[in-house]
Amino acid sequence: MFRLFRYLTLQIEPTSACNLDCKICMRRNLERPVTFLTLDNFKRILDSGNFRYVGLHGWGEPLLNHQLFEMIRYAESKGVSTNLTTNGTLTRENIDRIFSSGLREIAFGVYDKELFSRSLPQIAELIREKSKQGSTIPKTYLDITVYQGSSAQILNLIKLAVELQLDAVILHRLFNVYKVDPSIEYISAEEEDELFAEVRRLARMLKLELYLPPKHSFPCRIVKRSIFVTVEGKVTPCCFLPEFYLGSALEQGVGKVMRSKAYTEFVKNMKQHPICSKCQW
């Protein structure tokens, strides 16, 4: 099994702490203490698998971890490309470290235009500094969550991304299987088709690099391409299964967990899993 997914992405959670309380975020349902991944544990986890790419994100704000940029430098020194997903509110105070770390990609998550306005001046400052340095990295993305409350804002958010001179836009579906907030729902399949068609037309007109989610299928494309490790070092197939543990990256190593019977059985029976069976992400 591990040989099939030999060069997969390591998704790793730098912290369970966050400076926001977003209504769509699953951390509201997770009863965990505030924890920070240490640099030493990051090294142990990264070195326990054959990774080419590491995504630093989870159910917290990564920039709250003061060792984050040391983790990025370590991964890059090993030839592992790094990606950071952030809410953007702590960008300004970290601009120098973002550039000096060698970070390859940074994605700014947004689900509400009004809330996002807090990050806009900081993101614009980072873009200006990138231009000033003549740097090609980090590649910048606006990562937009699609749901009923954001669908009317998305075209304007895309235009805003172009004005900011961000490199690309990503759209992903709301994951609300756990019903974090029962009042929040995803749009219908018909509405999605109509929205994505409009988004494609706008992206072509603006010559914007755009990433839209494909139709969900089994086995899940996320599980085929990545593995998620929590801030505590627990291995789970997906960030949306943060309490479905298959083993410990610190005690067993990621590779050994992925070769385990528990992992194999999960992949084999994913379609019947109580959460995965309802997922459309």
### Selected residue [part of a helix (DSSP H, G or I), at pLDDT 90 or above and within 24 Å of Arg32 (Cα to Cα)] from Val231, Val257, Val235
Val257
### Residue among Gly55, Gly88 that alone is touching a residue at least 12 places away in the same chain (Cβ under 8 Å), open to solvent by less than 50 Å² (accessible area, probe 1.4 Å) and assigned to a loop (DSSP other than H, G, I, E, B)
Gly88
### Query
Are any residues in region 138-151 open to solvent by less than 50 Å² (accessible area, probe 1.4 Å) and either free of Cβ contacts under 8 Å to residues at least 12 places away in the same chain or under 14 Å from Glu191 (Cβ atoms) (or both), and if so, which ones?
Val146, Tyr147, Gly149, Ser150, Ser151
### Message
Of the conditions (1) closer than 21 Å to Asp167 by Cα; (2) surrounded by fewer than 15 Cβ atoms within 10 Å (Cβ to Cβ), Thr82 satisfies every one except a single condition; which number is it?
### Response
(2)
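Residue-by-condition table, conditions (1) farther than 25 Å from Asp21 by Cβ; (2) open to solvent by 60 Å² or more (accessible area, probe 1.4 Å); (3) at pLDDT 90 or above:
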| position | (1), (2), (3) |
| --- | --- |
| Gln153 | no, no, yes |
| Ile158 | yes, no, yes |
| Ile170 | no, no, yes |
| Tyr178 | no, yes, no |
| Asp181 | no, no, no |
| Glu192 | yes, no, yes |
| Pro213 | yes, no, yes |
| Phe218 | yes, yes, no |
#### Entry: In region 91-104, the residues that are open to solvent by less than 20 Å² (accessible area, probe 1.4 Å) and in contact with a strand residue (DSSP E or B) (Cβ under 6 Å, 6 or more places away or on another chain)
Leu103
### Message
Conditions first: (1) open to solvent by 10 Å² or more (accessible area, probe 1.4 Å); (2) touching a residue at least 12 places away in the same chain (Cβ under 8 Å). Pro62 passes all but one, so which condition is the exception?
### Response
(1)
### Query
Got at least one residue in region 255-267 being β-branched (Val, Ile, Thr), in contact with a strand residue (DSSP E or B) (Cβ under 6 Å, 6 or more places away or on another chain) and surrounded by 18 or more Cβ atoms within 10 Å (Cβ to Cβ)?
yes
#### Entry: Per-region count, region 169-224, residues in a helix (DSSP H, G or I) and over 27 Å from Ile106 (Cα atoms)
5
### Task
Quick one: in region 132-161, of everything that is among the charged types (D, E, K, R) and touching a strand residue (DSSP E or B) at 6+ places or on another chain (Cβ under 7 Å), which residue is nearest to Ala197 (Cα to Cα)?
Asp143
### Query
Quick one: is Ser188 polar (S, T, N, Q) and out of contact with any helix residue (DSSP H, G or I) (no Cβ under 8 Å at 6 or more places or on another chain)?
yes
### Query
Is there any pair linking a residue in region 201-221 that is more than 19 Å from Asp143 (Cβ to Cβ) to one that is open to solvent by 60 Å² or more (accessible area, probe 1.4 Å) and of a type in the set (A, V, I, L, M, F, W, C), with Cβ under 8 Å and at least six apart or on different chains, and which?
none
### Message
Can you say whether Leu164 is within 20 Å of Leu195 (Cβ to Cβ) and either open to solvent by less than 50 Å² (accessible area, probe 1.4 Å) or in contact with a Cys (Cβ under 8 Å, 6 or more places away or on another chain) (or both), as far as the supplied structure shows?
### Response
no
### Task
Scan region 110-143 for residues that are of a type outside the set (S, T, N, Q), within 15 Å of the chain's Cα centre (by Cα) and under 16 Å from Lys159 (Cα atoms) and report the count.
5
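For (1) of a type outside the set (A, V, I, L, M); (2) within 21 Å of the chain's Cα centre (by Cα), each residue gets a yes or a no:
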site	(1), (2)
Glu185	yes, yes
Glu190	yes, no
Ser217	yes, yes
Val223	no, yes
Ile227	no, yes
Leu241	no, yes
Val257	no, no
Lys268	yes, no
Ile275	no, yes
### Task
Give me the pairs, please: first residue somewhere in region 258-276 and within 18 Å of Arg225 (Cβ to Cβ) and touching a residue at least 60 places away in the same chain (Cβ under 8 Å), second residue anywhere and in a helix (DSSP H, G or I) and of a type in the set (A, V, I, L, M, F, W, C), beta-carbon distance under 7 Å, and either six or more positions apart or on two chains.
Tyr263/Val257; Val267/Val223
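The values are calculated or read from the model by the stated rules, or taken from the named source; none is laboratory data. Quick caveat: nothing in here was measured; it's all calculated off a predicted structure. FYI the Cβ positions are ideal-geometry reconstructions off the backbone, even for glycines, and counts take in every protein chain you see. Surface areas here come from the heavy atoms of the whole protein model, side chains and all, with no ligands, DNA or RNA. Shrake-Rupley method; radii C 1.70, N 1.55, O 1.52, S 1.80 Å.
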